[in-house]
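In what follows, a structure is listed as structure tokens, so that the remarks can point back to it.
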Amino acid sequence: MLSLTRIHLVIAVAVTLIVPTCLLAENGKPELKPGIIVGTAIDVNGDAVSNARVELKSLDNDDPRVVTTRESGAFEFRDVAPGIPYEIIIRAQDFSDWNSSSITLEPGQFKLVTGIKLEIRPEVTRIDVTYDPVQVATEQLKAEEHQRVLGIVPNFYVSYEKNPAPLTSRMKFQLALKVSTDPVTAAGVLFIAGARQAADTPKYGQGWDAYGKRVGATAADGFADIMIGGAILPSLLHQDPRYFYQGTGTTGSRIRHAIFSPFVTRSDSGKSVPNYSSLGGNLAAAGISNLYFPKADRGVGLVFGNFAIGTAERIGAGLVQEFILGRFTKRDGHME
């Protein structure tokens, strides 16, 4: 009887151990707790990358799970099966794709993916630089319109650029009007008229009436010379009316550059050409003076005499520009 009881006990224990084992065999392996993968997408500057497409792709499966990064750049994948190798691929506009190394979770693991830095695609960072001569000339002209000797006397018709952009016709007229209407130019007209009054030239006589005529004649001379030689002819002939400061080289080369400046200038295409604009403007101004000078100061001889004097003055002005005024001209906010 005792032996039978023991046999029943052994059978009961065996059943207790065998049945669960059989059930597990029927249902497969026990289910493992899934894990979580989180991370934050940032760029190389440390700024969050939002709306990026994040793929969690099993290396054994071509059907990835996809989420989008939040405004903070964060993303999260829940219920990730453990024991399976995954990779994360992040794609965002204007950025190169980012790929993680293989990730395999333990059961119930919380995995924080670090080191996610998206780099801007090379084609996005490329900068195409185009040369716009009109825009460059506009900026250079703005600088020239602020050039003054000792910060007072206008010195607008001098270019200190090594490779100045050509002026458009509109810029040439703008520069001529800027010089003609400057208050210092007006003061210079009054001063020169006073000097002519003292020398009694042109022969208007003396007195305030004569001085007024000399003021008008001096202003007309200057305006005609500037507008014809500095705007009209340069626009028609496609020549640059400015003096191009050399500033470097031997003294002899700088002297030659200054002396020949009334006779040689640059075309709008950058070539050296005869300075018909300067010579023509000087001659035209001398000829126009016959309209308002007294009879004693008119005639072909006086016209060419005034033309020669004007040309000599331009040569002197070039020498002064090259060796003196350049040092005292305020440009870019300071003296050179």
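Note on LYS33: aspartates and glutamates with a C-alpha under 12 Å away, same-chain residues under 8 apart excluded, are ASP79, GLU106. Helix 169-180 versus the longest principal axis of the chain: what angle, 0 to 90°, nearest 10, using Cα atoms? Roughly 60 degrees, rounded to the nearest 10.
Once each part is reduced to its C-alpha centroid, what is the distance from the stretch 263-304 to the stretch 210-258 in angstrom? Going from one Cα centre to the other spans 10 Å. Based on protein heavy atoms only, the chain ends up with 60 Å² per residue of surface accessible to a 1.4 Å probe. On full extension, the segment bounded by ASP79 and ARG91 gains 2.1 nm, given 0.36 nm per residue less the C-alpha separation.
Accessible surface ranking for ASP225, ASP182, 1.4 angstrom probe, highest first: ASP225, ASP182.
Could you work out the helix-only [θ] at 222 nm for the chain, with each DSSP H run of four or more residues adding -39,500 (n - 2.57) and the total divided by the number of residues, to the nearest 500 deg cm²/dmol? Here the helix-only value at 222 nm equals -13500 deg cm²/dmol. Relative to the longest principal axis of the Cα atoms of the chain, the long axis of helix 183-199 lies at roughly 20 degrees. Among residues other than VAL189 with Cβ under 11 Å from its Cβ, the summed charge is 0 (Lys and Arg +1, Asp and Glu -1). When only alpha carbons are used to place a centre, the stretch 165-203 and the stretch 37-86 end up 73 Å from one another. Between ASP97, ASP62, ASP221, the GNM of the chain built on Cα springs shorter than 10 angstrom shows ASP62 fluctuating the most.
Among GLY151, GLY249, GLY108, the largest mean-square fluctuation in a Gaussian network model of the chain, built with springs joining Cα atoms closer than 10 Å, belongs to GLY108. Counting Cα-Cα pairs of the stretch 246-291 in 10 Å increments starting at 0 gives whole-percent bin shares of 25, 38, 27, 10, 1.
If you line up the long axis of helix 300-320 against the longest principal axis of the chain, both from Cα atoms, how many degrees apart are they, to the nearest 10? Roughly 40 degrees, rounded to the nearest 10. Under a Gaussian network description of the chain, with springs only between Cα atoms under 10 Å, the residue in TYR292, TYR86, TYR160 that fluctuates furthest is TYR86. Note on the stretch 173-319: semi-axes of the ellipsoid equivalent to its C-alpha gyration tensor, largest first and rounded to whole Å, are 29, 16, 15. Which entry in [x] 0.92; [y] 0.96; [z] 1.58 is this structure's computed Rg/Rh (Cα atoms, Kirkwood Rh)? So the structure-derived entry is [z]. Taking 29 Å as the limit for the C-alpha separation, the pairs LYS57/LYS117; LYS178/LYS330; LYS203/LYS330; LYS142/LYS213; LYS172/LYS295 exceed it in the case of LYS203/LYS330; LYS142/LYS213; LYS172/LYS295.
Taken over the stretch 84-205, the percentage of Cα pairs per 10 Å bin, counting from 0 up to the bin with the maximum distance, is 10, 20, 14, 11, 10, 9, 9, 8, 4, 2, 1, 0. For the stretch 262-336, the equivalent ellipsoid derived from the alpha-carbon gyration tensor has semi-axes of 30, 17, 11 Å in decreasing order.
The values are calculated or read from the model by the stated rules, or taken from the named source; none is laboratory data. These figures come from a predicted structure and were not determined experimentally. Heads up, the Cβs are rebuilt from the backbone with ideal geometry, glycines too, and the neighbour counts pull from every protein chain shown. Ligands, DNA and RNA are excluded from the accessible area calculation, which covers all protein heavy atoms including side chains. Shrake-Rupley method; radii C 1.70, N 1.55, O 1.52, S 1.80 Å.
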